[in-house]
Amino acid sequence: MSPLAEMTLSENALDFIDDARLIGLLAGPAPDAAAVRDVVAKSLEKHPLGLEETALLLKADAPEQVEMIFDAARELKRRVYGNRIVLFAPLYVGNQCVNDCAYCGFRRSNRAQVRRTLETPELIHQVEALEKVGHKRLILVFGEHAAYDAAFISACVRSVYGVRVGHGEIRRVNINAAPQDDEGYRAVKAAGIGTYQIFQETYHHETYRRYHPAGTRKGDFLWRLDGLSRAMEAGCDDVGIGALFGLYDWRFEALGLVAHALQLQERYHCGPHTISFPRMRPASGVKFDEKYFVNDRDFKRLIAILRLSVPYTGLILTARENAQLRREAMGFGVSQIDAGSRIEIGGYTEAGDAQVMEREQFQLGDVRPLDTVIRELLADGYIPSFCTSCYRLGRTGEHFMEFAIPGFIKRFCTPNALATLQEYLTDYASPETRAAGEKLLAAELAKIDEGSLKSDLAGRLERIRTTEERDLYF
Ligand code: SAM
Ligand code: SF4
């Protein structure tokens, strides 16, 4: 009997990935410039793209067409979302795993991996370290194991929210863990999670089978594909999808992601909150087949096309990528990055090299401290943001609101970004970062029209600077 026989799928669970259809959409000649221009224009009018239109952009490989796509993605990002970048940190809680995903250092057959699960005091210690440098948003990451059931995950979430150091607190806890059943999602929702992330890894069935052995929990394609539909039905409407790039043709995976986003939107009238697009990194004992590795140019195309196709969804670019690539790719519509990340279990407090392969799931490409990343963002004209306001005020689907409601960014997102930046500058920043940040704050404030919002915001920034008041969100 399958280990999943007793697990329940969502209502009318459906494997909506038709490999032949997606491959067919990517076949045929490259489009001409006029066709690319039409699709790009539609996206700039804030209309999400369908699979055919996304495929057309994926087939556009001529340098001038790629430039057109890059320019449009930058423009859409600027026009719709402004210049905020939200910052978070991953916190790996445990690396026990019953699965055997061939690309992952945590796979059960990897005897070299040092297995460890943080005890509650250790978890708290990690969170304290993260708060001390200024983090406000975390994603807790778990292997798949009976020990990491929904009750355990929920207890971790509650512990994290309870940690306070000085002005520090974690205001949003997201999760990346195994798919749950209905009851599991209800439990983690009740613990106050933000986004529940599950990456399909690959949407291509045959490749999925190759990397995820049959008989393992993760070996069931539909159980995973359906994972976020179950979340939606259990009331977790804030979900993140993703694919691991390097397992199969990147263009196919891009269509898979868009198909997944469209499916959630159609079925639940709420698309995914975020899309992640991790690229394969070296991992303990993993021998890579490089056939489908994605080069930097194609990776940037991928980000730009996702921005245009799914304009109401946040895009997450992680520290798997190196600093230079992150800096370049940011402008194509990335909305969130992690910074100061350590993925070794206990890595935020325990001295030592964050790059010991036997203690990590894979190797990171950008291990710069949060303050350095913030300074670079400021130098490039971005507003680093730790905002968590929408989710705490019940304004879920915030990216959708930013996208769809005129004036939303002006009224809420920019003021909240500036207030949380002010907190960072006052409580945690190095003198250089503080100076750069105060300059940016003044410039951003000057851009706001005279009126009650501006004076209210200026007042709040002043209160943060000069008093103990914090968390003054709109
Ligand atoms: N165990 C949970 C699961 O598989 O859903 C949590 C996921 S894992 C800790 C987080 C993600 O890391 C995976 O979904 C996968 O996409 C990614 N990952 C695994 N191995 C990787 C590697 N070698 N390089 C880059 N990303 C990797
Ligand atoms: Fe386990 Fe997740 Fe790694 Fe697969 S990707 S081996 S499920 S931790």
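The values are calculated or read from the model by the stated rules, or taken from the named source; none is laboratory data. Fair warning: this is a prediction, and the values are worked out from it, not measured in the lab. Reconstructed Cβ throughout: ideal geometry from the backbone, glycine too, with neighbour counts over all protein chains shown.
Among the residues in segment 273-281, are any farther than 28 Å from residue 395 by Cα and in a loop (DSSP other than H, G, I, E, B)? Within segment 273-281 (the criterion being farther than 28 Å from residue 395 by Cα and in a loop (DSSP other than H, G, I, E, B)), the answer is yes, since at least one residue qualifies. Cβ-Cβ contacts under 8 Å between residues 6 or more apart (or on different chains), taken from a first residue in segment 268-281 that is more than 9 Å from residue 242 (Cβ to Cβ) and within 16 Å of ligand 2 (Cβ to nearest atom) to a second residue that is at pLDDT 95 or above and not hydrophobic (A, V, I, L, M, F, W, C), are listed as 279/246; 279/320; 279/321; 280/103; 280/246; 281/320. Screening segment 80-129 for residues that are of a type in the set (Lys, Arg) and within 14 Å of ligand 2 (Cβ to nearest atom) and picking the one that is surrounded by the fewest Cβ atoms within 10 Å (Cβ to Cβ) gives 111. Of all residues in segment 177-195, none are assigned to a strand (DSSP E or B), assigned by TED's automatic domain parsing to the domain that holds residue 102 and in contact with a strand residue (DSSP E or B) (Cβ under 9 Å, 6 or more places away or on another chain). Only residues that are assigned to a helix (DSSP H, G or I) and free of Cβ contacts under 8 Å to residues at least 60 places away in the same chain were counted in segment 248-260, giving 3. Residue check: residue 252 meets all listed conditions (1) buried (at least 20 other Cβ atoms within 10 Å of the Cβ); (2) within 30 Å of residue 296 (Cβ to Cβ); (3) touching a strand residue (DSSP E or B) at 6+ places or on another chain (Cβ under 9 Å) but one, namely (3). Exactly one residue out of 283, 323, 339 is in the same structural domain as residue 106 (by TED's automatic domain parsing), over 28 Å from residue 59 (Cβ atoms) and within 13 Å of ligand 1 (Cβ to nearest atom): that is 283. Across segment 265-280, the number of residues qualifying as within 16 Å of ligand 1 (Cβ to nearest atom) and not charged (D, E, K, R) comes to 7.
Taking every residue in segment 97-114 that is assigned by TED's automatic domain parsing to the domain that holds residue 360 and pairing it with any residue that is of a type in the set (Asp, Glu) and buried (at least 23 other Cβ atoms within 10 Å of the Cβ), at least 6 positions away or on another chain, the pairs with Cβ-Cβ distances below 7 Å are 105/360. Meeting the requirement of 1 or more residues that are under 27 Å from residue 326 (Cα atoms) and more than 21 Å from the chain's Cα centre (by Cα), the helices (runs of 4 or more DSSP H) wholly within segment 1-103 are 33-44, 51-59, 63-76.
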